[in-house]
Each structure stands twice: as structure tokens, then as C-alpha cells.
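Everything below concerns the one structure shown next.
The values are calculated or read from the model by the stated rules, or taken from the named source; none is laboratory data. Fair warning: this is a prediction, and the values are worked out from it, not measured in the lab. Here Cβ is always computed from backbone atoms with ideal geometry, including for glycine, and neighbour counts include all displayed protein chains.
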Amino acid sequence: MFEIKKICCIGAGYVGGPTCSVIAHMCPEIRVTVVDVNESRINAWNSPTLPIYEPGLKEVVESCRGKNLFFSTDIDDAIKEADLVFISVNTPTKTYGMGKGRAADLKYIEACARRIVQNSHGYKIVTEKSTVPVRAAESIRRIFDANTKPNLNLQVLSNPEFLAEGTAIKDLKNPDRVLIGGDETPEGQRAVQALCAVYEHWVPREKILTTNTWSSELSKLAANAFLAQRISSINSISALCEATGADVEEVATAIGMDQRIGNKFLKASVGFGGSCFQKDVLNLVYLCEALNLPEVARYWQQVIDMNDYQRRRFASRIIDSLFNTVTDKKIAILGFAFKKDTGDTRESSSIYISKYLMDEGAHLHIYDPKVPREQIVVDLSHPGVSEDDQVSRLVTISKDPYEACDGAHAVVICTEWDMFKELDYERIHKKMLKPAFIFDGRRVLDGLHNELQTIGFQGTHSCGPNVSNRFTETLTSFRKPVMSQWGKEPGKG
Ligand SMILES: NC(=O)c1ccc[n+]([C@@H]2O[C@H](COP(=O)([O-])OP(=O)(O)OC[C@H]3O[C@@H](n4cnc5c(N)ncnc54)[C@H](O)[C@@H]3O)[C@@H](O)[C@H]2O)c1
């Protein structure tokens, strides 16, 4: 069997960095080099301050960096040396041309394929780790075939990554499954077995699933679509609960006890975020349309539409409760990352909630323990989010949560950071304008309702169609299931 001794990973991002660090950690005899065109990212991987935050990542990197784990910008050299090349580059939604706003932009994948074939001689296994549309491996193969040279033998595999940000190291060390797709030819199967042998260093054989290439590519898109659909399904039920007086938590518990349904991913929330769910579902929608399956496309599109609706609904709730205007009001936004334990803000619901509130002229004071100031400003300055000088006029980044809440009309929790459960809410309440409102978009304060009510906070799930009722409902909301309409199910990668 072909033995993999050297691995090159192109793309030192949220997937490439942690995945290859864990491979190096688990396989001391394999030399792993992670490369990227982004020099500052590589410098950060080689420094004490890693470019991404993941619990346990620093320890894994420090255990093998400089021994069998290397970070470099010398992409060509790393490709030349490697027995196996992972492609872990970004595959964002296209922002231009055909398929704009839905199709995956594969320009980075194509650039990698061209660079790999240019720098390869003899036998090499090339593995898609990025999430790609079905049959992307075919395009990679065509680029290889069109640029082939004597003795060159490049085998293409699909090995999608299922890690979730925030628990990446745990997921990589103990995955539910590892999926490897390859050609059904003897050559293809030889490559599949070589990659299986890498994972077998720490993953039980029965958890390593091998399939044909297209099943593997599609399984990643389908898995993310199913996860996103669960969140949109329970969020749709939350809207129904609010209109009827049912409690979405109680409904979720009741339906989740059915083993056929199961209790995971059943928390209503302010919507899913992250770089993957939306992008991958849109990609699936586009694929269905391209394959002339409009009914299937519409089915999955609704998962995205429901997520947008939930975010808008949450922002409207805030505005309604603050007496139908937030203009010139100070609102503290606690949490900007798309979920806890990551500094990643891609597609974070906080961005959308902030946008809706900025559109109404609210002054936002934003605090997040892991997201740098510059990142928040970049996210909110995007043309689709704000215009002109809105961000400089309306947004302040706070160094701590108390500063953010000082003098605020309302506190809005957008990320389920554990630290938000530990805050001194009495201190926060004292310095806020009264009535002081809390909107818990992630249900982090579930256990504190009585305490918050005693302090004097107003929560809300005011939902009735009757506007004159709202104030009363708001005032009594802590006695009712209050913020329970908003859960904390994080998005997944
Ligand atoms: N983030 C997640 O949780 C997650 C989980 C599973 C799968 N995925 C998939 O994995 C892929 C990577 O995601 P990510 O979050 O790590 O992205 P990322 O943006 O964090 O990292 C991608 C890196 O690739 C680099 N890159 C792009 N083109 C390059 C090239 N031609 N040569 C060298 N480097 C290049 C970029 O500079 C960047 O640093 C995507 O397809 C994504 O859908 C992501």
C-alpha cells in the first residue's frame, strides 16, 4: 500500500489549520506543511498568537510546531515534496456574474489545481477538503489531464470536513465519522486506502466511511442542509408559539423525546450564522436549479428564507418593545461572533441585527470577548450592511460589557458566550436607562429570569397582534416564559 509520509495543506484557515495540526499531532511520523498565500496569516500561525481562536488549538499546535508541523508561504515547494495535498481553500458564495449570490466561487480551487499540476511529478494524492459542489473533482481532474506530463499520476479524492467551529479540536480528535470518496477503479481505491491509513492513527476503522467521489461531495452539502433545516424548522415553530401562547422550549422537549426526531439542534434562536450553512444551502439550491429540479431548489431555499425572517423578527421585537423607536437610543450588543468559542463573524446574526438597528438610527455599543475591533468595523461597513458614515456615526466598540451597557436603553445578547451568564446584572441595571430591557437572542440567561426580574429588568417576548397589549406583556414578561422564544443553537461549520 502507498504510504503517506508528507502532507501539504493549501489553505491555513479555520479548516486547514486545525485539521492539519491534529493530523500532525496524531501522526508524529508524518511531516505536515500548511501553506497559504496570506503571509500575515502564516506569520500568525508561527507566532504565540494564532490567527484563529479554538479551544485546545494552541496546545495541539505547540506540541508539534517545528517538529512535524510547519506553516509556510512556500506553496510550490510544499506541493513538490508532498505525497498528499489537501485543498482547504475557501469556496465562498459568488458575488458576481452567473450564479451570483448562490453558486460557490471555485476560483481558489481552480488556482490550486493549476498550481498542483505545475509542481507535481510522479504519484500524488490530491484531496478536496473544501466544501465543493457535486462533481467538482471532475473539474480538478480535467485540469490535471489537460496539463499532464510523463510519469505524472494524480489521484483525486474527496474528504470533506465536518468539524464545527468552537469545538473543532474535539470534533477532529473524536469525529462522528470521516468520509473519504474516491474513484471506484483499483488506482482510486489504492488512494482511498492510503488516506484511510492516516486517519486510522486515531479514528476507529468503523468510523471511516468510504464512498464514491460524488456521494462524498454531496454528503457534505446534504449534512449542512439538514442541520440548517433543523434550526429553521424549530424557528418557524417559535413564531407559531409566540402567536398562540405555546412555549417553544416545551414543544422542543416534547418532540425531541421522540427517538425518530432526537433532541439535538432543536433550540429556537435568532438564526444560524457561520461561513457554511447559508453558503452550502445556497450552493445546493443553485445545483438543483442547474439540474432542472426547481421543486427541490425551492424546498431548500425556504431554509434560508426562514433564517432571514427570524433575524428580522428579532430586530422588530426589539424596536416594538422600545416603544416603536430606537432612533438615537443606545443599545448594547453583547456578542458579535456567530457562536461562542470562536472569533469567526462570518454570516453572524449579530451583523444582521446590527444592520436593522442601525437602519433605525440606533447607537450600538458592541462587545465581544474574541472578535477584534477592526473585524466588527469591517463587517458592519460592508456595502450591503451600512451606507456612508453610518458605522462611524452609530457604532462604538466597547472594551468590556459593562462599558457597553452603561447608559443603554437595552441589552441585546447575540452570541451565547458563557461569560454573559456571569455578568453582574445588578451593576448593569443600575447604570441603564429605565425601563431597562434585555433581549436574549441565545437563551444564555434562562436560569436567571427570577433574578433579573427582581433587579427590575424588562424582558420581552411580547408577541400579540394587539399593539396596546404590548407594554403590559413586556412588563410581565419575566413571569411568563420570557425570552424562552429565543434559543442558543449555534451555527455549525
Ligand atoms: N469554517 C468551517 O467551520 C468549515 C467547516 C467545514 C468545511 N469548511 C469548508 O472548508 C473550506 C475552507 O474554509 P475555511 O473556513 O477554512 O476558510 P478560510 O477563509 O478561513 O481559509 C481559507 C484559506 O485559503 C487561503 N487560500 C485561498 N486561495 C489560496 C490559494 N490559491 N493558495 C493558497 N492559499 C489560498 C486563504 O488565504 C485563506 O487563508 C471551505 O470550503 C469551507 O466551506 C469550513
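Any residue at all in the range 117-131 that is charged (D, E, K, R), more than 9 Å from the ligand (Cβ to nearest atom) and outside any strand (DSSP E or B)? No - not one qualifying residue is present in the range 117-131. Within the range 326-345, identify whether any single residue is out of contact with any Leu (no Cβ under 9 Å at 6 or more places or on another chain), of a type in the set (Val, Ile, Thr), surrounded by 23 or more Cβ atoms within 10 Å (Cβ to Cβ) and not in a helix (DSSP H, G or I), and answer yes or no. Checking the range 326-345: at least one residue is out of contact with any Leu (no Cβ under 9 Å at 6 or more places or on another chain), of a type in the set (Val, Ile, Thr), surrounded by 23 or more Cβ atoms within 10 Å (Cβ to Cβ) and not in a helix (DSSP H, G or I). Within the range 301-327, residues that are small (Gly, Ala, Ser) reach partners that are assigned to a helix (DSSP H, G or I) with beta carbons closer than 8 Å, at six or more positions or on different chains, in the pairs 315/352; 315/353; 315/356; 315/357; 316/356; 321/470; 321/474.
Does any residue of the range 289-304 turn out to be of a type in the set (A, V, I, L, M), surrounded by fewer than 22 Cβ atoms within 10 Å (Cβ to Cβ), within 13 Å of residue 225 (Cα to Cα) and over 18 Å from the mean Cα position of the chain (by Cα)? Looking through the range 289-304, at least one residue is of a type in the set (A, V, I, L, M), surrounded by fewer than 22 Cβ atoms within 10 Å (Cβ to Cβ), within 13 Å of residue 225 (Cα to Cα) and over 18 Å from the mean Cα position of the chain (by Cα).
Screening the range 167-205 for residues that are in contact with a Pro (Cβ under 7 Å, 6 or more places away or on another chain) and buried (at least 24 other Cβ atoms within 10 Å of the Cβ) and picking the one that is farthest from residue 80 (Cα to Cα) gives 168. Among the candidates 359, 400, the residue that is without any contact (Cβ under 8 Å) to a residue 12 or more places away in the chain and either out of contact with any Asp or Glu (no Cβ under 9 Å at 6 or more places or on another chain) or among the acidic types (Asp, Glu) (or both) is uniquely 359.
Whenever a residue of the range 207-226 is within 12 Å of the ligand (Cβ to nearest atom) and modelled with pLDDT under 95, it has no partner that is in a strand (DSSP E or B) and not β-branched (Val, Ile, Thr) lying with C-beta atoms less than 8 angstrom away and at least six residues away or across chains. A count restricted to the range 20-36 and to residues that are more than 17 Å from residue 83 (Cβ to Cβ) and within 15 Å of the ligand (Cβ to nearest atom) stands at 3.
Entry remark, the range 5-18: residues being within 9 Å of the ligand (Cβ to nearest atom) and either in a strand (DSSP E or B) or surrounded by fewer than 24 Cβ atoms within 10 Å (Cβ to Cβ) (or both) number 2 in total.
Of all residues assigned to the range 333-344, none qualifies as being in contact with a strand residue (DSSP E or B) (Cβ under 7 Å, 6 or more places away or on another chain) and within 16 Å of the ligand (Cβ to nearest atom).
Tell me, which residue of the range 37-50 that is part of a helix (DSSP H, G or I) and not small (Gly, Ala, Ser) is farthest from the ligand (Cβ to nearest atom)? Result: 43.
From the residues in the range 85-116 that are basic (Lys, Arg) and under 19 Å from residue 11 (Cβ atoms), which one is nearest to the ligand (Cβ to nearest atom)? Filtering the range 85-116 for residues that are basic (Lys, Arg) and under 19 Å from residue 11 (Cβ atoms), the one nearest to the ligand (Cβ to nearest atom) comes out as 115.
Let's see how each residue does on (1) in contact (Cβ under 8 Å) with a residue 40 or more places away in the chain; (2) more than 11 Å from the ligand (Cβ to nearest atom):
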| position | (1), (2) |
| --- | --- |
| 141 | no, yes |
| 156 | yes, yes |
| 163 | yes, no |
| 168 | yes, no |
| 174 | no, yes |
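The number of residues in the range 338-383 that are within 21 Å of residue 309 (Cα to Cα) and touching a Lys or Arg at 6+ places or on another chain (Cβ under 6 Å) comes to 3. Looking at this structure, is residue 415 at pLDDT 95 or above, under 24 Å from residue 234 (Cβ atoms), outside any strand (DSSP E or B) and touching a helix residue (DSSP H, G or I) at 6+ places or on another chain (Cβ under 7 Å)? Yes. I'd like to know if the range 144-154 contains one or more residues that are within 27 Å of the chain's Cα centre (by Cα), more than 15 Å from the ligand (Cβ to nearest atom) and either surrounded by 17 or more Cβ atoms within 10 Å (Cβ to Cβ) or part of a loop (DSSP other than H, G, I, E, B) (or both). Checked against the condition, which is being within 27 Å of the chain's Cα centre (by Cα), more than 15 Å from the ligand (Cβ to nearest atom) and either surrounded by 17 or more Cβ atoms within 10 Å (Cβ to Cβ) or part of a loop (DSSP other than H, G, I, E, B) (or both), the range 144-154 yields no hits at all. The residue that is surrounded by the most Cβ atoms within 10 Å (Cβ to Cβ), counting only those in the range 76-98 that are within 22 Å of the chain's Cα centre (by Cα) and not hydroxyl-bearing (Ser, Thr, Tyr), is 86. Restricting the search to the range 61-76, which residues are of a type in the set (Asp, Glu) and in contact (Cβ under 8 Å) with a residue 12 or more places away in the chain? Listed by number, the residues that qualify are 74, 76. Only one entry of 422, 403, 426 meets the criterion of being surrounded by fewer than 21 Cβ atoms within 10 Å (Cβ to Cβ) and farther than 29 Å from residue 49 by Cβ, and that entry is 426. A search for C-beta distances below 7 Å between a residue of the range 34-60 that is within 19 Å of residue 7 (Cα to Cα) and any residue that is within 12 Å of the ligand (Cβ to nearest atom) and of a type in the set (Ser, Thr, Tyr), counting only pairs 6+ apart in sequence or on different chains, returns 35/72; 35/73; 36/73; 42/72; 42/73.
Evaluating residue 434 against the criteria (1) over 28 Å from the mean Cα position of the chain (by Cα); (2) at pLDDT below 95; (3) of a type in the set (Lys, Arg); (4) not in a helix (DSSP H, G or I) leaves one unmet condition, (2).
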